[in-house]
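Remarks on the structure that follows.
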Amino acid sequence: LAITGNGFFATVPEITSRDFSFTRAGQFKLDSDNFVVNSNGDNLLGFPSKL
């Protein structure tokens with residue numbers, strides 16, 4: 001994934017955690033539970049949307 005401008009990705013170590021981290025690194029993959037995670041296994045946060 002890529003960001004242009006003043007943006008960032010928000011991640012958490014556990015899906016129920018409030019220990020937020022912020023990064024501009026956009027290398028993510030799906031884990032065994034189909035969550036989007038970074039190379040540390042931290043979950044990418046997002047907002048639900050209708051496609």
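Pairs meeting the criteria (first residue in region 25-46 and on the phi > 0 side of the Ramachandran plot and part of a loop (DSSP other than H, G, I, E, B), second residue modelled with pLDDT under 95 and exposed (fewer than 10 other Cβ atoms within 10 Å of the Cβ), beta carbons under 6 Å, at least 6 apart or on different chains) are lacking. Only one of the numbered conditions (1) under 10 Å from the mean Cα position of the chain (by Cα); (2) modelled with pLDDT under 95 is violated by N43, and that is (2).
The values are calculated or read from the model by the stated rules, or taken from the named source; none is laboratory data. If you're wondering where the values come from, they're calculated on a predicted model, not measured in any experiment. Don't worry about glycine lacking a Cβ; one is built from the backbone with ideal geometry, like all the others, and counts go over all protein chains shown.
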